[in-house]
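Structure first, commentary second.
The values are calculated or read from the model by the stated rules, or taken from the named source; none is laboratory data. Bear in mind that the values here come from a model prediction, so they are computed numbers and not experimental data. All Cβ positions, even for glycine, are placed from backbone atoms using ideal geometry, and neighbour counts span all protein chains on display. Surface accessibility is based on the protein's heavy atoms, side chains included, excluding ligands, DNA and RNA. Shrake-Rupley method; radii C 1.70, N 1.55, O 1.52, S 1.80 Å.
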Amino acid sequence: MSLFEPGSAVEENIGKGWNVFFKQVASLSIFTMRFFREFWKPPYEFGELAKQFYLVGNRSLSLVGITAFIMGIVLTVQSRPTLAEFGAISWLPGMVAISIIKEIGPVITALICAGKVGSSFGAELGSMKVTEQIDAMEVSGANPFKYLVVTRVLATTLMIPLLVIFADFIALAGSYVAVNFTEHMSVPLFISLGLDNVDFLTIMPAFVKTIFFGMAIGIVGTYEGYNSGLGTEGVGKAANSAVVTGSLLIFVIDMIAVQIASFF
């Protein structure tokens, strides 16, 4: 019997894979709907929310800043020779600014946060699941979903856009430094050339999609940790799945956002 004939082992494995995929999608969708339902219900955990704001920003700020600065330098250095061939060096700041603001800044920052924040959410909540701390909160009458999930998702949803704005500025600073490797350009001239073609329709779609990036990172990270398997192996899988699934969702959201923005 051929491997690909009906009833073969390969076909059964493919079928099981699709079943697992659709079950995961359904479970994640239910988890997301529960987040929106719990979001409006009191009590509101402002103290924990403020703590998560600090932790999300603090965990990623230095890495985002260093990466953005290097990204601005590399993009400028790599783009300069091509523009020089056409005598279009004056376009360099504008091209770099649009590339960073529209695409590179939001996506790279979101991927960094998916690795740093998403994995920490998965590991943290997974450890609480293994040690039965979540069960203890439910027994004591507390709402662990409200306290652990809603606060973290809100923190990433609101903090990731701020980190992206920070990364954009640092990347443009790196670009300015790279431009001055080979020629002198004043800061006012660099800003004028860089932001000349940046308008509302350039900034707004990029900013809006970072909100969805943050929400995806928070929901996936908390979902994987909240529903992790028992034991240390389950915690490791939760952290790994949070990074992989979160990164994949970032690219999917970015693809959808680009298609929508192309109509305007």
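In segment 15-46, the qualifying residues are those that are over 23 Å from residue 244 (Cα atoms) and charged (D, E, K, R), and the one that is most open to solvent (accessible area, probe 1.4 Å) is 37. Of all residues in segment 137-144, none are touching a residue at least 60 places away in the same chain (Cβ under 8 Å), open to solvent by less than 30 Å² (accessible area, probe 1.4 Å) and in contact with a helix residue (DSSP H, G or I) (Cβ under 8 Å, 6 or more places away or on another chain). Under 7 Å between Cβ atoms, at least 6 apart or on separate chains: pull out the pairs that start in segment 115-136 with a residue that is at pLDDT below 90 and end on any residue that is open to solvent by 50 Å² or more (accessible area, probe 1.4 Å). Filtered contacts from segment 115-136: 130/230. Reported count of residues in segment 209-253, each being of a type in the set (Val, Ile, Thr), open to solvent by 10 Å² or more (accessible area, probe 1.4 Å), in contact (Cβ under 8 Å) with a residue 24 or more places away in the chain and farther than 18 Å from residue 36 by Cβ, is 4.
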